[in-house]
Amino acid sequence: TLVANSDVRLALTGADLAATLDGQPLTPNDSFMMQAGQTLVFRQPKKGLRAYLAFPGGLDAPEVLGSQACTAREQIGGLHEDGKPLKTGDQLTWKGSSATPRQLPQGT
């Protein structure tokens with residue numbers, strides 16, 4: 001679950017994790033506007049295993065080996081630099097500004 005503190009346009013791609021924004025279904029492989037106070041929720045996968053949520057300009061997180069990724073098995077990266085996944089109460093700081101909406105061509 002992710003709650004927005006400010007308005008942001010995000011892009012969602014990868015697996016269909018039955019994402020909803022304030023209870024309304026989101027379409028995978030598309031961008032959407034998330035207003036301050038809205039809640040994004042991911043559920044059990046419908047198809048696939050991994051989804052990607054893109055923030056224009058990225059997030060302010062520590063880099064390890066040139067990446068902001070988190071790898072639990074190796075216990076590296078992540079918000080707290082310990083390889084652990086995000087937990088309730090963690091706050092991500094967005095570095096960018098909301099991008100102009102763009103639509104991917106069909107079939108990509």
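The values are calculated or read from the model by the stated rules, or taken from the named source; none is laboratory data. Worth saying up front: this structure is predicted, and the values here are computed from it rather than measured. Cβ coordinates were reconstructed from backbone atoms using ideal geometry, including for glycine residues, and neighbour counts include every protein chain displayed.
On inspection, Gln68 qualifies as under 20 Å from Trp94 (Cβ atoms), exposed (fewer than 15 other Cβ atoms within 10 Å of the Cβ), at pLDDT below 90 and more than 12 Å from the chain's Cα centre (by Cα).
Mind checking which residues of the range 33-53 are within 17 Å of Leu92 (Cβ to Cβ) and either among the β-branched types (Val, Ile, Thr) or surrounded by 14 or more Cβ atoms within 10 Å (Cβ to Cβ) (or both)? Break it down into steps so the answer makes sense when it comes.
Narrowing the range 33-53 to residues within 17 Å of Leu92 (Cβ to Cβ): 34-42, 51-53.
Passing the criteria: Met34, Gln38, Thr39, Leu40, Val41, Phe42, Ala51, Leu53.
Look at (1) closer than 21 Å to Thr93 by Cβ; (2) touching a strand residue (DSSP E or B) at 6+ places or on another chain (Cβ under 7 Å); (3) not assigned by TED's automatic domain parsing to the domain that holds Gly89 and you find that Thr20 fails only one, number (1). Remark: pairs (first residue in the range 85-99, surrounded by 12 or more Cβ atoms within 10 Å (Cβ to Cβ); second residue of a type in the set (Lys, Arg) and at pLDDT 85 or above; Cβ separation under 6 Å; 6+ apart in sequence or on different chains) = Ser98/Arg9; Ala99/Arg9. For Leu40, the conditions (1) under 23 Å from Leu26 (Cβ atoms); (2) out of contact with any Leu (no Cβ under 6 Å at 6 or more places or on another chain) are fulfilled apart from (2).
Quick one: which residue in Gly78, Gly107 is modelled with pLDDT of 85 or more and either surrounded by 14 or more Cβ atoms within 10 Å (Cβ to Cβ) or closer than 25 Å to Ser31 by Cα (or both)?
Details: Gly107 fails: modelled with pLDDT of 85 or more.
After ruling out the rest, the residue left standing is Gly78.
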